[in-house]
1. With every protein chain left in place and a probe of 1.4 Å, what is the accessible surface of Thr105, to the nearest 10 Å²?
2. Quick one: which residues, 5+ away or cross-chain, put their amide H under 5 Å from the amide H of Leu106? H built at 1.01 Å from N.
3. What's the extension gain from Gln74 to Val120 if we count 0.36 nm per residue and subtract their Cα-Cα distance?
4. Please work out the FRET efficiency for the pair Asn16 and Lys172, using the Cβ-Cβ distance as r and a Förster radius of 35 Å; give the result to the nearest 0.05.
5. Per 0.36 nm of contour for each residue apart, how much would the distance between Ser143 and Thr113 grow if the chain were fully extended, relative to their Cα-Cα spacing?
6. Quick check: from the Cα gyration tensor, does region 85-158 come out rounded (a/c under 1.5), prolate or oblate?
7. Describe numerically, in nm with one decimal, the distance between label points set 7 Å from Cα along Cα→Cβ at Asn131 and at Thr30.
8. Can you give the net charge of the other residues whose Cβ lies under 12 Å from the Cβ of Thr62, counting K and R as +1 and D and E as -1?
Amino acid sequence: MTEKDCGHHVEDERHNLQRRLITALIAFVTLILFTILLIFLILRPTKPHFILQDATVYAFNTSTPFNFLTTNIQITIASRNPNDKIGIYYDRLDVYATYRGQQVTLPTLMPQTYQGHKDVSIWSPFVYGNNVPIAPYLGNEISQDIIFGTILLNVRIDARVRWKVGNFISSKYHLYVNCPAYVGIGGKFIGNSVVVGKYQLVQNCHVDV
């Protein structure tokens, strides 16, 4: 065998060794990811449960000619992690209110938190909006609702969460939470509505991923 042939042989051996190492590394990483995925599927993480516990309206006023709305509402929201072996990181929680499909408050950023197994977290943020432009027909709807003494608001949460299984932490998931609530205004109480500072409601929320 010539010196040139020996050089090619050594080079081929080196390439083969590199390929084997890369193949082994890929197989090892794939095995780890598959194991984590298998554990994740076996544990079957359940979405957190949200409950709207209280809503207090301090302001809900339209300005002439009913194209602007000013609101100031304090809400109390509880979240429960129903999982036995999975924790939840709440990386971002934006809460706001909508009326008949239109957002009528600015989003309020709630504090980040980690929720352990079966833990409950409670937030009591204010959501508000000053002279928020609204569709003209909504001004008339609001006036009618104020006369009847109750309004239907939807408290919504736009959340980013991560699941924690042992030492494994998942990538971020998007949660959409919708809490409908009949809120009493003008000193009148109807059904499960809330009159300012006097009554409390417990309203289950709908959660989508």
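1. 10 Å²
2. The list, which skips near neighbours in sequence, is Tyr128, Gly129.
3. Values: separation 46, 0.36 × 46 = 16.56 nm, distance 1.95 nm.
So the extension gain works out to 14.6 nm.
4. Numbers: r = 41 Å, r/R0 = 1.16.
Given R0 = 35 Å and the Cβ-Cβ separation, E is 0.30.
5. Numbers: separation 30, 0.36 × 30 = 10.80 nm, distance 3.90 nm.
Here the segment from Ser143 to Thr113 would lengthen by 6.9 nm.
6. Prolate, because a/c is 1.5 or more and a/b exceeds b/c.
7. Spacing of the two 7 Å Cα→Cβ label points: 6.3 nm.
8. Working: positive: none; negative: Glu141, Asp145.
Once positives and negatives cancel, what remains is -2.
The values are calculated or read from the model by the stated rules, or taken from the named source; none is laboratory data. From a predicted model like this one, the values you see are computed outputs, not experimental measurements. Positions of Cβ are backbone-derived with ideal geometry, glycine not excepted, and every protein chain shown enters the neighbour counts. Calculation scope for accessible area: heavy atoms of the full protein, side chains included, ligands and nucleic acids excluded. Shrake-Rupley method; radii C 1.70, N 1.55, O 1.52, S 1.80 Å.
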